[in-house]
Amino acid sequence: MLCISSPALRCPSFGKTKTQHHHILPRAIVTGLQVTTNHHHAIIHSMPSEKVEIIKSLEPWVAQSILPFLKPTDESWQPSDFLPNSSQPFDQFITEVQTLRDWSAMLPDDYLVVLIGNMITEEALPSYETQLNTYDGIRDETGADTSPWATWTRAWTAEENRHGDLLRTYLYLSGRVDMLMIERTIQNLIASGMDPEAENNPYLGFVYTSFQESATFVSHGNTARIAKEKGDLVLARICGIIASDEKRHEKAYIKIVEKLLEVDTTTAMLAIADMMRKRITMPAYLMNDGHDASLFSHYSAVSHRLGVYTAGDYANILEFLVQRWRLEKLEALTSEGRRAQEYVCGLAPRIRKLQERSHERAQKMKQHGVKFSWIFNKKVML
Ligand SMILES: [Fe+2]
Ligand SMILES: [Fe+2]
């Protein structure tokens, strides 16, 4: 379900401009970076100018209803709250590090692979802030723009920034992972960027972010649960606190789409259908460690097997959003809008069926292991 390649796009509703995507960076040519590119034709600026006005007109509403989802810095947790304090006397610091390492020693390799993949995903935050700033009508025009949309994007980024920091420092102190290979993966991933095919269109973009925050909530929530089962209570707290941020962010993005459904019902409904047809790809789908050409799908397969993030979760999130946005009850749709509604509302059961079939196929295939550079080339079953 976490599909990397994108289907050819059709453009139902937005009067889209089709542009040739630049295939100028085949792997490792320009700078020696392992840059991975998309191979689809990107559509850009698909939102007509009158819709930009709708988005801009929501600014007072964003200030009143969305910015309160942010937490003031003084009331926010920080990575140092969960990590050994390096400013205390050396012996005490070492004792705390030792405890962290004793606990992390109980984590199996396959779990570590998933935790590392999640951490790398968080560390590619620059790409996500860039992504938000591609959306017409909300972008931060100066870098310190005081518009409510831009204020949200920067403060959201600032909150998210703690996630990668915390997971990264934990994994570094655990002594169980190959930091060099992880860091190379992060460098390549940020250099590669991401393209969820949101077309500079906030209608599409906020559907993506709603789904994505939900997915990360599920994923960090499950790594917290498993850490607890394995006896690593420090890590359970770490993943749990990150998951709670994701939930808060999810609520904000869901509310934005809810508002779009209220003020521009058909366009918002079409946007949801459009994103679901493209399938929501995970933001780190271009990850690359310079060794394993299928690194992302291997990491996703392990995550699926451990029940951290599965195809079933994808269907669950979709169902949750359909319910949360009351899509089945939407009225005042054009006929095109009604078709989109029908498609989206009937999609989760279809995904589940496909998933069952592919699960059966996978069961028949012989299980095999893959080496992950992140854990010193140890083999992990997919
Ligand atoms: Fe995050
Ligand atoms: Fe997030």
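The values are calculated or read from the model by the stated rules, or taken from the named source; none is laboratory data. Note that the structure is a prediction, hence the values are computed from the model and not measured. Positions of Cβ are generated from backbone atoms using ideal geometry, with glycine treated the same way; all protein chains shown enter the neighbour counts. For accessibility, only protein heavy atoms count, side chains too; no ligands or nucleic acids. Shrake-Rupley method; radii C 1.70, N 1.55, O 1.52, S 1.80 Å.
Karplus-derived 3J(HN,Hα) values for the range 338-344, using 6.51 cos²θ - 1.76 cosθ + 1.60 with θ = phi - 60°, are 5, 5, 4, 4, 4, 4, 5 Hz; glycine and proline are entered as x. A simple packing score, the average count of other Cβ atoms within 10 Å per residue, orders the peptides 145-157, 363-375 as 145-157, 363-375, with the highest score first. The packing ranking, built from the mean of other Cβ atoms within 10 Å per residue, places the peptides 207-214, 306-313 in the order 207-214, 306-313, highest first.
Of the residues Asn161, Gly231, His41, the one whose Cα sits farthest towards the positive end of the charge dipole of the chain is His41 (charges of +1 on Lys and Arg Cβ, -1 on Asp and Glu Cβ, taken about the Cα centre). Cross-link reach is defined here as a Cα-Cα straight distance under 22 Å, omitting same-chain residues fewer than 8 places apart; for Lys364 the lysines meeting it are Lys353, Lys379.
Using a probe of 1.4 angstrom and keeping all protein chains present, the accessible surface of the chain works out to 45 square angstrom per residue. For the range 32-107, the mean projected area of the C-alpha convex hull, equal to one quarter of the hull surface, is 12.4 nm².
Across the range 50-159, C-alpha contacts under 8 Å between residues 6 or more apart give a mean separation that, scaled by the residue count, equals a relative contact order of 40 percent. Remark: relative contact order (the range 81-381) = 23 percent; criterion is Cα-Cα distance under 8 angstrom and separation of 6 or more residues.
Is it possible to state the helix-based mean residue ellipticity at 222 nm for the chain, with each DSSP H run of 4+ residues giving -39500 (n - 2.57), the sum divided by total residues, to the nearest 500 deg cm²/dmol? What is it? Before the final figure, lay out the partial values.
Values: 13 runs with 217 residues, N = 382.
Taking each H run of at least 4 residues, the total per residue is -19000 deg cm²/dmol.
The eigenvalues of the Cα gyration tensor, multiplied by 5 and square-rooted, give the range 198-276 an equivalent ellipsoid with semi-axes of 32, 11, 8 Å from largest to smallest.
When the listed pairs Lys71/Lys251; Lys51/Lys251; Lys71/Lys255; Lys278/Lys371; Lys51/Lys71 are checked against a 20 Å cut-off, the alpha-carbon distance exceeds it for Lys51/Lys251; Lys278/Lys371; Lys51/Lys71. What angle, in degrees between 0 and 90 and rounded to the nearest 10, separates the Cα long axis of helix 311-324 from the longest principal axis of the Cα atoms of the chain? For 311-324 against the chain, the angle is about 50 degrees.
To the nearest ten degrees, helix 233-263 and the longest principal axis of the Cα atoms of the chain are 0 degrees apart. Taking the Cα centre of the chain as reference, the dipole from Cβ charges on Lys and Arg (+1) and Asp and Glu (-1) amounts to some 1540 debye. Take the solvent-accessible surface of the protein heavy atoms, probe 1.4 Å, and return the percent of it on the chain that carbon and sulfur atoms account for. Carbon and sulfur atoms account for 53 percent of the accessible area of the chain. Loop-located trypsin sites (Lys or Arg not before Pro) in the range 287-359 (DSSP state not H, G, I, E or B) with no more than 12 neighbouring Cβ atoms inside 10 Å: Arg326. For the residue pair Gln363 and Ser65, what label-to-label distance in nm results when each label sits 7 Å from Cα along the Cα-to-beta-carbon direction? Modelled inter-label distance: 4.6 nm. Of all aspartates and glutamates in the structure, those lying under 20 Å Cα to Cα from Lys56, and not within fewer than 8 positions of it along the same chain, are Glu129, Asp136, Asp140, Glu141, Asp145, Glu199, Glu258, Glu262, Asp264. In summary, the lysines within cross-link reach of Lys228, defined as a Cα separation below 23 angstrom excluding same-chain residues under 8 places away, comprise Lys247. Compactness of the chain, taken as the C-alpha radius of gyration over 2.2 N^0.38 Å, stands at 1.00. Within the shell of other residues whose beta carbon sits under 13 angstrom from the beta carbon of Ser76, the net charge comes to -4, with Lys and Arg scored +1 and Asp and Glu -1.
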